[in-house]
Amino acid sequence: QVQLVESGGGLVQAGGSLRLSCAASGRTFSIIVMGWFRQAPGKEREFVAAIKWSGGSTYYADSVKGRFTISRDNAKNTVYLQMNTLNSEDTAVYSCAANSRRYYSGSYYRGYEYDSWGQGTQVTVSS
């Protein structure tokens, strides 16, 4: 199994930046893709970004394109989410997820594609 622990969340003023980290442990050699999701109060969980572990192809939700950057460090089994030009709409609990299954359908934007989840880290953007 893969265990995930997020860090880096906090309070930031509008226009500021934060970098989230997600450290993976356990059977990390089986990871195919890792992603970030977020959920704001009263809202459904939404896809933010994803990255292929081999090759490094990245994918982004339209709402964060040009502002957020996902990256990985395979040696450290860690994925990062650099968030710039933050606004109030970015306030949410951010969770990282990993797909370590034998089969991957390519639906990186769907929660069901991931079998491991972190506990989440709060990001609050103030005016």
>> Residue by residue through the stretch 92-104, what is 3J(HN,Hα) from phi via Karplus (6.51 cos²θ - 1.76 cosθ + 1.60, θ = phi - 60°)? Round to whole Hz and write x for glycine and proline.
In response: 4, 8, 9, 10, 9, 9, 10, 9, 10, 8, 5, 10, 9
> Which order do Ile32, Ile70 take by accessible area at a 1.4 Å probe, largest first?
Replying inline: Ile32, Ile70
>> Between Ser107 and Gln1, what is 0.36 nm times their sequence separation minus the Cα-Cα distance? Round to one decimal in nm.
In response: 36.1 nm
> If the viscosity is 1.002 mPa s and the temperature 20 °C, what Stokes-Einstein diffusion coefficient in µm²/s follows for the stretch 1-57 when Rh is the Kirkwood radius over Cα pairs?
Replying inline: 159 µm²/s
> What spacing in nm lies between the two simple spin-label points modelled at Gln39 and Trp117, each 7 Å away from Cα in the Cβ direction?
Replying inline: 0.5 nm
> For the chain, what mean projected area does the convex hull of the alpha carbons give, in nm²?
Replying inline: 7.1 nm²
> What are the residues whose amide H is under 5 Å from the amide H of Arg101, where those residues sit 5 or more places off or on another chain and H is modelled from the backbone?
Replying inline: Ile32
>> Tell me the net charge near Arg102. Cut-off is 15 Å between Cβ atoms, Arg102 excluded, with +1 for each Lys or Arg and -1 for each Asp or Glu.
In response: 0
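The values are calculated or read from the model by the stated rules, or taken from the named source; none is laboratory data. Fair warning: this is a prediction, and the values are worked out from it, not measured in the lab. Glycine also receives a Cβ, built like all others from the backbone with ideal geometry; neighbour counts cover every protein chain displayed. Accessible surface areas use protein heavy atoms only, side chains included; no ligands, DNA or RNA. Shrake-Rupley method; radii C 1.70, N 1.55, O 1.52, S 1.80 Å.
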